[in-house]
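Enquirer: Structure in structure tokens, see below.
The values are calculated or read from the model by the stated rules, or taken from the named source; none is laboratory data. Being a predicted model, the structure only gives us computed values, none of them experimental. Backbone-built Cβ (ideal geometry, glycine too); neighbour counts: all protein chains shown. Surface accessibility is based on the protein's heavy atoms, side chains included, excluding ligands, DNA and RNA. Shrake-Rupley method; radii C 1.70, N 1.55, O 1.52, S 1.80 Å.
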Amino acid sequence: MFFKRSTPAAKESRDTPAPSPAIASTPAAVAASTQAPLEVDKLRRRVDPASLGFGSTSDLMPATSLIGQDRALKAIEFGTSIRAFDFNLFVLGPPASGKSTAVRSFLERKAAAARAPDDWVYVNNFEDHNKPKALRLPAGRAKIFARAMLEAIDELRATLPAAFESEDYQVRRRAIDEQFRSGQEERFAALDRKAEEQNIAVLRTPMGFAMAPVVDGKVVKPEDFNQLPEDWRADVQRRIEELQKELVDILESAPRSDKRRRLEVSELNEEVAEIAIKAALDDVRALMPELPAVASHLTDTERDLVRNVALFLTPSGEEPQIVRQPVDTSRDPRFRRYMVNVVVAQDSNGDGKGAPIHSEANPTYGNLIGRIEHIAQMGTLVTDFLLIKPGALHRSNGGYLLVDARKILFSPFAWEALKRAIKSREIRVEQPIETLGFASTQTLDPEPIPLDVKVVLFGDRELYYLLNAYDEDFGRLFKVQADFDETIARSTENDRAYAGLIAAIVARHGLRPVDAGGVARIIEEGARLAEDREKLSIEIGRIADIMREADYWAGEAGRATTTAADVSRAVAEHVQRADRLRDRSQEIIAREIVLVDTEGAKVGQINGLSVIQLGDFAFGRPSRITARTRLGQGRVTDIEREAKLGGPLHTKGVMILWGFLAGRFALDIPLALAATLVFEQSYGGVEGDSASSAELYALLSALADAPIRQDLAVTGSVNQWGEVQAIGGVNEKIEGFFDVCKARGLTGTQGVLIPKANVQHLMLREDVVEAAAAGKFAVYPVATIDEGIELLTGIGAGARAADGLFPAGTINRRVDDCLKRYAEQAKGFRGAGSNDKDAIS
């Protein structure tokens, strides 16, 4: 799919008017023939390599900044210097203009002198594991803190088991256990003695304790017991019940005694653990004694370690850990709660300087704000504070965040999240679904981190103005616009500055030096890219592409330096790779599938010019425009509009034609005209008003019955006063008609009419300039419709005299007479009461 740039393409028709008689020879015609084409030096502004004052770019100091961008650089300086949180920047300009490189280079110099921002870490909240704590640390200390905690836990894995296996601990532990056992045994011994005195035996069985009477030193069996006298049996039963009460009391006191034992053991364990844990954590405290938040966290950690000292004790039957294995420690799930999640860690260089500059290439919600990851365990997704991952705002906090505006707008939730973070001045890591207020599974709620960042958005002008118009927050948060120009003015000074820019590109990409001739050729191409002989394009990306390709061709030719021939070949090769459709367009004209005449003269028919844009390649194409007139009701019908192929600008141009005719001709009579205008063989949309002058020439030719030269093509818009106005793509349009003429054979009479205002934009191809120098092709500047019609018809236009009439035989007189004739005919129809509506439509 392709579209047309600047001016609609005029298509030819097979149903063309019959050739008219030869152009009349009149005084006006003689006057018209004195119009001269442009001088050759006006067709292309050349650069003399000798005027540059150097042999090659190796003699130059490379430019250290963009040239001609003072406005944008001042805006960047202001936006990055003011500390207000809502004075963020939007850098706008065309793609490949070097704005990203320029901004980063500027910020690197500024950031290097700034204070390095603080580090940030997340640690476990021992009171509420779902709400991790954020700790601020001096720059460069986060990794030290994390490594120290890992080393401390790793140290405890070795020291705590050793402490609990030491002889001192074992002696004290045995003393506690022995104290418990001896107390219990003494009470059981006393009970045994008491029972023995009463001839009662206390028996320990697999089912528990039992008591039985003793006679003559032997335990009485149950069957024998029942044979004894009843009184004796009752006495024995009474004594056994009393002893059982004492036994029950002894047994019930055992758990209480064991609880006391465990409490004493726990106190012993805490005492032993506190010594080892405090010793290990004191090393961490010594690294950051001035940070109360770290000290508070270490206190909480110490308390939790003491409570959970069993995590460090070697299970029974397992060999004690002797060699430190910090990697295993960091991955051991038992010790994750004591680790440190480093979120932001500055690379401290020892001087405390250097603000971060982060460019986020993929600004999704998670990449921008951060995210909480989950891992699968036993079919369930779980998370903890170590799975909090930082985003671009964390990495750029205290510095600068560079983001492509279009990318962040296309990423769901990201744009709103960025604005919310800037306004709240904090980074809150949360799931996107939580921001919408929907229910979600239980997850973390990390403590937010204060935000101090300058956000720099990059985008085109259209996007900037759309955001300003439709997003009420945008103007409040991005108050500084850095607008990059596409071009700079041509001057001797700027030509030399441009050479310094070329030297910088050579240095950046490691290219061969470019000699003065090559630099001159690149400057000329820069003017052509700017579509203005008085300007130079500073779209650095496109210039760098040309230079790198020229460097390749220089290498293919075995040259040590890049020359003008290499640059010209790079340009030609780039065009050749992209010009398939241009070749097809010229082919269908050459085979007369699309009708375009390049010789002879015809009434109501003219060659219009259009530009077709395909990516970064544009080419001109001639198209036939035809006009037909008859008696009607003063209406000029735009067939393109009626067929819904014409755009609003094209429609405006056609309506201007009616205003011109009504204002110049038939001033005292109705405009009883019916005219049709069409771009022949046009099957796509037509937009733009740059063919309006060609349409007016065709209309005047039809009214005056004056043939138009077909060896000339026309471009330019027109106003109601008949002034020809500037259009875009003038170089491509001229070259498009030149290519058609060249394919058929240059006759020396062929050429193009352009607005006089467009002369300053001419940077034509070398082959067009050479043909013009040889007198085989011409470019004619015209300022008014009268100048153009004289050149196209060879007949003078004529000016209205004091009597209100145009001179006889002139184009304007013939048009005026035709319109008066139509008016008289219309009056006759109305007098006769004709019902033929079509005759005056």
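Enquirer: Criterion first (acidic (Asp, Glu), over 31 Å from the mean Cα position of the chain (by Cα) and at pLDDT below 90) does residue 515 satisfy it?
Expert: no
Enquirer: Continuing with the same structure: Restricting to region 81-101, and then to whatever is open to solvent by less than 10 Å² (accessible area, probe 1.4 Å) and in a loop (DSSP other than H, G, I, E, B), can you tell me which residue is modelled with the lowest pLDDT? So that I can check it myself, show each step before the final result.
Expert: Filtering region 81-101 for residues open to solvent by less than 10 Å² (accessible area, probe 1.4 Å) gives 88-93, 97.
Narrowing the set further to residues that are in a loop (DSSP other than H, G, I, E, B) leaves 88, 93, 97.
Numbers: 88: 94, 93: 83, 97: 73.
If we take residues in region 81-101 being open to solvent by less than 10 Å² (accessible area, probe 1.4 Å) and in a loop (DSSP other than H, G, I, E, B), then 97 is modelled with the lowest pLDDT.
Enquirer: Out of everything in region 525-550 that is closer than 16 Å to residue 564 by Cβ and over 28 Å from the mean Cα position of the chain (by Cα), what residue ends up being most open to solvent (accessible area, probe 1.4 Å)?
Expert: That would be 528.
Enquirer: Can you confirm whether region 296-313 contains a residue that is of a type in the set (A, V, I, L, M, F, W, C), at pLDDT 85 or above and farther than 30 Å from residue 265 by Cβ?
Expert: no
Enquirer: Let me ask something additional. Just one of 522, 505 is among the β-branched types (Val, Ile, Thr), open to solvent by less than 20 Å² (accessible area, probe 1.4 Å), closer than 17 Å to residue 55 by Cβ and assigned to a helix (DSSP H, G or I); which is it? First the steps, then the outcome.
Expert: Details: 505 fails: closer than 17 Å to residue 55 by Cβ.
It is 522.
Enquirer: Taking the condition under 15 Å from residue 737 (Cβ atoms) and either touching a residue at least 12 places away in the same chain (Cβ under 8 Å) or open to solvent by 10 Å² or more (accessible area, probe 1.4 Å) (or both), does residue 612 pass?
Expert: In short, yes.
Enquirer: Just one of (1) modelled with pLDDT under 85; (2) exposed (fewer than 12 other Cβ atoms within 10 Å of the Cβ) trips up residue 325, so point out which.
Expert: Going through (1) modelled with pLDDT under 85; (2) exposed (fewer than 12 other Cβ atoms within 10 Å of the Cβ) one by one, residue 325 breaks only (2).
Enquirer: Please specify each residue of region 70-80 satisfying the condition of being under 22 Å from the mean Cα position of the chain (by Cα) and under 21 Å from residue 498 (Cβ atoms).
Expert: 72, 73
Enquirer: Residue under question is residue 115, and the condition is that it be farther than 30 Å from residue 215 by Cβ, open to solvent by 50 Å² or more (accessible area, probe 1.4 Å) and out of contact with any Lys or Arg (no Cβ under 7 Å at 6 or more places or on another chain); does it hold? Before the answer, list the steps.
Expert: Values: farther than 30 Å from residue 215 by Cβ: yes; open to solvent by 50 Å² or more (accessible area, probe 1.4 Å): yes; out of contact with any Lys or Arg (no Cβ under 7 Å at 6 or more places or on another chain): no.
No; evaluated as a whole, the condition is false for this residue.
Enquirer: Report the residue count in region 732-770 for those that are open to solvent by less than 20 Å² (accessible area, probe 1.4 Å), more than 30 Å from residue 812 (Cβ to Cβ), touching a helix residue (DSSP H, G or I) at 6+ places or on another chain (Cβ under 7 Å) and part of a helix (DSSP H, G or I).
Expert: 5
Enquirer: So, in region 551-598, how many residues would count as being within 30 Å of residue 508 (Cα to Cα), crowded, with 16+ Cβ neighbours inside 10 Å and modelled with pLDDT under 90?
Expert: Qualifying residue count for the region: 0.
Enquirer: May I ask you to verify whether residue 135 is at pLDDT 90 or above, in a helix (DSSP H, G or I) and of a type in the set (A, V, I, L, M, F, W, C)? Steps first, please.
Expert: Values: at pLDDT 90 or above: yes; in a helix (DSSP H, G or I): no; of a type in the set (A, V, I, L, M, F, W, C): yes.
Here the answer is no, as residue 135 does not meet what is asked.
Enquirer: On to the next question. Listed residues 720, 725; which is surrounded by fewer than 22 Cβ atoms within 10 Å (Cβ to Cβ), modelled with pLDDT under 95, in contact with a Pro (Cβ under 9 Å, 6 or more places away or on another chain) and not basic (Lys, Arg)?
Expert: 725
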